[in-house]
Amino acid sequence: MRIEAKPYEYSLNLSTAALLIIDMQRDFLEPGGFGEMLGNDVSQLRRTIEPNQALLAAWRAAGGLVIYTREGHRPDLTDLSPAKKIRGRGASCIGDPGPMGRILVRGEAGHDIIPELYPVAGEPVIDKPGKGAFFATDLHAILQNRGIQQLVVTGVTTEVCVNTTVREANDRGFDCLVVADCCGSYFPEFHDIGLRMIAAQGGIFGWVAPSAAVTRALAGKAT
Ligand code: TIU
């Protein structure tokens with residue numbers, strides 16, 4: 001499948017590709033969650049929900065593999081580095097009680113994926129302690145075991161967990177297509193620049209395309 005993208009067309013082979021949906025978690029996206037508690041405008045992230053739903057439906061209908069990630073830590077916080085815990089000097093930090101349970105702790109309500117994009121049986125969920133999805137996870141093994149070579153990447157936030165994961169994936173030999181309107185940042189300018197950083201210099205970290213280009217290709221229409 002040919003997908004019109006930047007910096008040039010992306011050739012998608014669905015049988016060796018996965019849709020990787022990064023950190024679409026309640027604490028980052030929902031009003032009243034940790035993200036909003038920090039003063040962020042969650043509407044900047046919530047605008048990605050509908051395009052992700054449409055892409056996910058098309059991807060599932062085409063029979064593609066879907067993999068999700070969640071950022072968070074063990075309840076005993078043994079996988080939380082002191083550096084990450086104290087970063088930001090906030091009144092509340094990871095592991096403390098938050099509006100939707102303990103902040104970024106696995107098993108808490110706020111840590112889970114938003115209901116609009118909830119995984120179905122058979123779709124792997126990767127729990128990651130860092131920003132990148134490869135660090136201290138079994139994502140690489142799962143991708144290799146499934147014969148995956150291409151990642152179509154969506155989620156939040158564009159400049160943090162999406163960018164970090166795409167850079168990690170690129171260095172591991174995966175071709176990443178980042179879906180522009182399915183990614184979001186609390187800072188619109190970081191979103192724009194984050195996408196430009198990926199596709200610049202001939203696609204230094206990957207490709208960028210709108211979801212409509214991907215769903216058109218999945219529907220069998222040339223883009
Ligand atoms: N998932 C992800 O991007 N985690 C963050 O902490 N992002 C911020 O932008 N803070």
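Contact map, region 141-166: residues that are closer than 30 Å to Gly35 by Cα and at pLDDT 95 or above paired with residues that are of a type in the set (Asp, Glu) and open to solvent by less than 10 Å² (accessible area, probe 1.4 Å), Cβ distance under 9 Å, separation 6+ or inter-chain. Pairs shown: Gly155/Asp23; Val156/Asp23; Thr157/Asp23; Val160/Asp23; Cys161/Asp23; Cys161/Glu71; Val162/Asp23.
There is no residue in region 187-199 that is open to solvent by 20 Å² or more (accessible area, probe 1.4 Å), at positive phi and assigned to a helix (DSSP H, G or I). If you filter region 74-93 down to residues that are part of a loop (DSSP other than H, G, I, E, B) and of a type in the set (Gly, Ala, Ser), you find that the one that is nearest to Lys131 (Cα to Cα) is Ser81. For region 47-62, indicate whether the set of residues that are buried (at least 16 other Cβ atoms within 10 Å of the Cβ) and of a type in the set (D, E, K, R) is non-empty. No, that holds for no residue. Take the conditions (1) among the small types (Gly, Ala, Ser); (2) within 16 Å of the ligand (Cβ to nearest atom); (3) surrounded by 19 or more Cβ atoms within 10 Å (Cβ to Cβ); Ala18 misses just one of them, which is (2).
When Leu151, Leu139 are checked against the criterion of being crowded, with 19+ Cβ neighbours inside 10 Å and more than 12 Å from the chain's Cα centre (by Cα), Leu139 stands alone in meeting it. Just wondering, is there one or more residues in region 82-101 that are at pLDDT 95 or above, within 19 Å of Ile21 (Cβ to Cβ), touching a helix residue (DSSP H, G or I) at 6+ places or on another chain (Cβ under 6 Å) and away from the ligand (no atom under 13 Å from the Cβ)? Among the residues of region 82-101, not one is at pLDDT 95 or above, within 19 Å of Ile21 (Cβ to Cβ), touching a helix residue (DSSP H, G or I) at 6+ places or on another chain (Cβ under 6 Å) and away from the ligand (no atom under 13 Å from the Cβ), which makes the answer no. Figure legend. Inter-residue proximity from region 23-43: first residues under 18 Å from Gly130 (Cβ atoms) and in contact (Cβ under 8 Å) with a residue 40 or more places away in the chain, second residues in a loop (DSSP other than H, G, I, E, B) and not β-branched (Val, Ile, Thr), beta-carbon distance below 6 Å, spacing 6+ or different chains. Indicated pairs: Asp27/Gly33; Asp27/Met100.
Residues of region 97-136 that are assigned to a loop (DSSP other than H, G, I, E, B), under 20 Å from Leu177 (Cα atoms) and under 13 Å from the mean Cα position of the chain (by Cα): Lys131, Gly132, Ala133, Phe134. Of all the residues in region 21-39, those that are within 16 Å of the ligand (Cβ to nearest atom) and either modelled with pLDDT under 95 or surrounded by fewer than 17 Cβ atoms within 10 Å (Cβ to Cβ) (or both) number 7.
Checking the structure you have, find out if any residue of region 124-138 is at pLDDT below 95 and more than 13 Å from the ligand (Cβ to nearest atom).
First, pick out the residues of region 124-138 that are at pLDDT below 95: none.
No, region 124-138 has no match at all.
Going residue by residue through region 149-159, is there one that turns out to be at positive phi and within 16 Å of the ligand (Cβ to nearest atom)? Please lay out each step first, then the result.
Filtering region 149-159 down to residues at positive phi leaves 155.
Adding the requirement that they be within 16 Å of the ligand (Cβ to nearest atom) leaves 155.
Within region 149-159 (the criterion being at positive phi and within 16 Å of the ligand (Cβ to nearest atom)), the answer is yes, since at least one residue qualifies.
Of the residues screened, Ala169 is not one that is open to solvent by less than 10 Å² (accessible area, probe 1.4 Å), part of a loop (DSSP other than H, G, I, E, B) and in contact with a strand residue (DSSP E or B) (Cβ under 6 Å, 6 or more places away or on another chain).
The values are calculated or read from the model by the stated rules, or taken from the named source; none is laboratory data. These numbers were taken from a predicted model, which means no experiment stands behind them. Reconstructed Cβ throughout: ideal geometry from the backbone, glycine too, with neighbour counts over all protein chains shown. These accessible areas exclude ligands, DNA and RNA; they are computed on the full protein's heavy atoms, side chains included. Shrake-Rupley method; radii C 1.70, N 1.55, O 1.52, S 1.80 Å.
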